[in-house]
């Protein structure tokens, strides 16, 4: 090795080390007051951009956009929005306290924002052509991590949602948080998202609308005064999502047509009867394929009053060897079915649903062991039984007040947050596969369930050490040559 080559290598190594020392993977934010924009009619060629801000507002919304077009909101850090307890006690039930609220707008891009520790997260309504991409949304206290109502022709992709909702108060009214919820919208793509440990469903698409709603008309004569059960969501694609340990359904569908669900990995929580996919009411003409399902307490995908749905080429993983019908549909109402029909939705028989070429695989190892421990905890404390307000609902709607008083006196009856966690993410179920029920080959046990989720910091650290070693070797060679 020549002296010139050694010099070039030395300079290269030094540059890489300096890059490591001074590089900051996190975005450098500028502190900013809460932002309110109304009647901003920008163009696609010259959009209005909100970028690079650190915004907090314990007494209200952090970003509010109304009656505007062509707005880009990106690379912002929105935290502690609406978190003041006095504000929460005096605020409107659902209209304030969001990290971002967008209404009566269009052509909005919401990308690469970090939302953390907010009372409520992101909500948009009457906002078509919305793109919510690459956002990091965690620790939303109440609901609405990423919700949109009447947002046709929109895309929700590459978002990371974790620990939204408060599991300890799971049975308190209004305290269940669906991760991504799209209401009354057509032509929607939901893909490549990660949704972990929400206190309700991972992803939901519903044609019905009920509180909290910004668009349904109020009718004080209904059990839910602000609800509209008669509409549909159409032409929905849900694919390539990772949905783990959400406390209710993996994917919840109600009043939908032409839904395509594929290439999703879904593991449900162990503390309620959540299904991997629930077509709870009036879902039809839809296809579900190439998905991986692992449930703890519930059986296969299915639902009620749904028709002409085709489940094929999916894999259902089980921790105890149980196997039955791959899908299950009933004509009896489930969940919201009775309420929907009381408020004007049409009854639909479950007919024409088919399944083909689905596989059952048994799991063993750390994933199966830890899931069984969680199921034992759920059985010991009966976490899946209705409690609080939910135990007091009357068949005709409304609540038995005496029952509610008794339940309230018991205090919070939810699940400790730490119970939702595994020792590692263990998102690749095949690492723990024992044997296919259809005679597949044995799969070796995984030595561990380590989470392979290497971020930029780990990559830079690895590069630093490799470069440092190379620099030492270069110095030794140079000294020997000299």
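Only the coordinates and a few stated rules stand behind these numbers; no lab work does. Please read all numbers here as calculations on a predicted model, not as lab measurements. Using ideal geometry, Cβ is built from the backbone for each residue, glycine included, and neighbour counts are taken over all protein chains shown.
At full extension, residue 54 and residue 80 could sit 8.3 nm farther apart than now, given 0.36 nm per residue minus the alpha carbon distance. As a calculated quantity, the FRET efficiency between residue 91 and residue 369 at R0 = 41 Å, using C-beta atoms, amounts to about 0.40. Only Cα sites of the stretch 358-399 enter the Debye sum here, all with the same form factor; the resulting log10 I(q)/I(0) across q = 0.16, 0.18, 0.20, 0.28 1/Å is -0.64, -0.69, -0.73, -0.94, listed in q order. Where does the Debye-calculated log10 I(q)/I(0) of the stretch 228-283 sit at q = 0.28 Å⁻¹, using only Cα point scatterers of equal weight, no solvent? Values, matching the q order: -1.10.
Round to the nearest 0.05 the FRET efficiency obtained for residue 342 and residue 28 when R0 = 56 Å and r is the Cβ-Cβ distance.
Values: r = 54 Å, r/R0 = 0.96.
FRET efficiency, residue 342 to residue 28: 0.55.
Between residue 290 and residue 211, the distance separating the two model label sites (each 7 Å from Cα on the Cα→Cβ line) works out to 4.3 nm.
Take the Cβ-Cβ distance between residue 218 and residue 423 as r, set R0 to 51 Å, and report the resulting FRET efficiency rounded to the nearest 0.05.
Values: r = 48 Å, r/R0 = 0.94.
It comes to 0.60.
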